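J.: Just dropping this structure here.
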Amino acid sequence: MSLCTLTIDTMLARDNASYTLVCSRLRPANLPLLSAVWASRFGLLNRIFTLQNGNVANTDRHPSVPLPDGFAIQGREVVFLDMLRAFVSPAPEFVIHELRVYDANIGEGDRFAELMLDAIETRVRYSPNFGIWRSVSGRVDRIYHLWGYRSLDERDLVRSQTREDAVWQAYTDTILPMLQSMNTMLLAPLVAIDG
């Protein structure tokens, strides 16, 4: 098992302009084993996502991206993940990252993950995958996967292209009955580090 940690910090920010300013000033100081940092840009705002390799066990003292004076962390969720497909540091032209979170039916997480890994090569013909993980804390039948796009228009195009792909459609027809929920978060990369 190759563990990593996803921390989701909810910031207390005055407004979207302040949030954007804070995100532009974030620096990954003293974050051990840092892989990447993102900010939510659509949907629920004021969230910072930090991915670190390894198990950062002490969640009370879990390091996070430092905030400028006057801003505070309002809430923190720490998820321990098993890396099913290694994180790949995205090329800079991929400015939209889509983090998809799928909750499989209880007891079907292993089968769901196996099917996804079998079908991934079909899907990556349309846009790059930056990693696939399975939760090992909390909801253990939860799968996270991260995709890259150059724009929202490209994301829309890719979604329409995959709906036309017979192999991908056969996969989705198989897995949809296995899912309780599907959620997506569109993120802007703040920091990505190779290795």
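The values are calculated or read from the model by the stated rules, or taken from the named source; none is laboratory data. Given the structure is predicted, the values throughout are model-derived calculations rather than measurements. FYI the Cβ positions are ideal-geometry reconstructions off the backbone, even for glycines, and counts take in every protein chain you see.
J.: Quick test for you: out of R134, R111, pick the one residue that is touching a residue at least 40 places away in the same chain (Cβ under 8 Å) and farther than 24 Å from N53 by Cβ.
T.: When all the criteria are applied, what remains is R111.
J.: For T172, indicate whether it is free of Cβ contacts under 8 Å to residues at least 24 places away in the same chain and polar (S, T, N, Q).
T.: Criteria met by T172.
J.: Suppose we filter Y102, Y171, Y144 for residues that are modelled with pLDDT of 95 or more, aromatic (F, W, Y) and farther than 20 Å from R47 by Cα; which single one remains?
T.: Y171
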